[in-house]
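What follows is a single structure, written as structure tokens, with notes after it.
The values are calculated or read from the model by the stated rules, or taken from the named source; none is laboratory data. Remember, it's a predicted structure, so these values are computed and weren't measured experimentally. Glycine gets a Cβ as well: all are built from the backbone with ideal geometry, and neighbour counts include every protein chain shown.
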């Protein structure tokens, strides 16, 4: 297995992409435990910096992310999570967290 280069806080950014359409859905953070659980369960887990705890995406909304594959960038310090979402990914109800244009 590739060794992930976690930052000083033990985190690595994870870009989540729709496995079918290629649309970028969200960016979140993973620690080693979130990555392990994601790989074991096939459901995306993340580390919430604001709440200071591990979370399973969809645990409250029911909109889980079923992981198709996880890719690692060339420096092993960023993950690309390709997933099949059960519904809107953004907490606002939007399909993607990237629904606004910067004007």
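Each residue in region 39-48 was checked for being in a loop (DSSP other than H, G, I, E, B) and exposed (fewer than 15 other Cβ atoms within 10 Å of the Cβ), and 1 pass.
For region 20-36, the set of residues classified as closer than 12 Å to residue 81 by Cα and either in contact with a helix residue (DSSP H, G or I) (Cβ under 6 Å, 6 or more places away or on another chain) or surrounded by 18 or more Cβ atoms within 10 Å (Cβ to Cβ) (or both) consists of 25, 26, 28, 29, 30, 35, listed by residue number. Taking the criterion of being closer than 12 Å to residue 6 by Cα and outside any helix (DSSP H, G or I), the residues of region 24-38 that qualify are 29, 30, 31. Can you find even one residue in region 10-27 that is modelled with pLDDT of 95 or more and over 22 Å from residue 98 (Cβ atoms)? Yes - at least one qualifying residue is present in region 10-27. Listed by first and then second residue, the pairs linking a residue in region 37-61 that is in contact (Cβ under 8 Å) with a residue 12 or more places away in the chain and on the phi > 0 side of the Ramachandran plot to a residue that is assigned to a strand (DSSP E or B) and surrounded by 14 or more Cβ atoms within 10 Å (Cβ to Cβ), with Cβ atoms under 7 Å apart and 6 or more places separating them unless they lie on different chains, are 42/66; 42/67; 58/65.
Within region 1-19, if we keep just the residues that are part of a loop (DSSP other than H, G, I, E, B) and in contact with a helix residue (DSSP H, G or I) (Cβ under 8 Å, 6 or more places away or on another chain), the residue that is nearest to residue 76 (Cα to Cα) turns out to be 4.
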